[in-house]
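Bear in mind that the values in this text are calculations on the coordinates, not laboratory data. All values reported here derive from a predicted model rather than from experimental measurement. Note: ideal-geometry Cβ built from the backbone for every residue, glycine included; neighbour counts use all protein chains shown.
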Amino acid sequence: MSDREIRREGGPDRGRYALDLGGGAEAELTWLARGATRIATHTGVPREQEGQGHAAALVAAMVEDAKAEGFRIVPACSYVALWARRHPEAAAQFA
C-alpha cells in the first residue's frame, strides 16, 4: 500500500479522494453527497498499479472521514461494496 498522502478534493455536493502514484498516474475514489450520505460512485487505479492497496487506502480514508464527520457511505461502486464486505468492523459507516 502506498504511504503517499491522499488528497481530498471537491465541495459539499461532490468530490474525490486522490492519490498521486508518480509519473502522472493517479488513483481516485469519486463521490456524490445526498443528505447525510456520500455515494461512492467510482474507484479507479491505473492497470499497472493495481493490486498494491491503493484503492483500499482510498476507501479507508473515506471511512475515517465518515467516522469523523458523521456521514454514511453508500457503496454504488463495486470495489467499495467489496471493501465493505471484507471489513465488517466498518459496517457502521455504510448505509
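Counting Lys +1, Arg +1, Asp -1, Glu -1, what net charge surrounds residue 41 among other residues with beta carbon under 12 Å of its beta carbon? Don't skip to the end; give the middle numbers.
Working: positive: 14, 16, 34, 38; negative: 28.
In short, +3.
Which semi-axes, in whole Å and largest first, does the equivalent ellipsoid of the chain have when worked out from the alpha carbon gyration tensor as the square roots of 5 times its eigenvalues?
Ellipsoid half-lengths, sorted descending, are 21, 15, 11 Å.
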Per the helix-only calculation at 222 nm, which mean residue ellipticity applies to the chain, given -39500 (n - 2.57) for every DSSP H run of n ≥ 4 and division by its residues, nearest 500 deg cm²/dmol?
-8500 deg cm²/dmol
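Using only alpha carbon pairs under 8 Å that are at least six residues apart, calculate the relative contact order of the chain and give it in whole percent. All intermediate terms of the calculation are to be shown ahead of the outcome.
Working: 162 pairs, mean separation 22.0, N = 95.
Computed over the chain, the figure is 23 percent.
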To the nearest Å, what is the center-to-center distance of the range 76-95 and the range 23-67, using C-alpha atoms only?
12 Å
So which GluC sites (Glu not before Pro) in the range 19-95 are both in a DSSP loop and have at most 16 other Cβ atoms within 10 Å of their Cβ?
50
Hey, what angle do you get for helix 54-69 against the long axis of the chain, alpha-carbon based, 0 to 90 degrees rounded to 10?
30 degrees
Which of the listed residues, 51, 10, 23, is farthest toward the dipole's positive end in the range 6-93, when Lys, Arg count +1 and Asp, Glu count -1 at the beta-carbon?
10
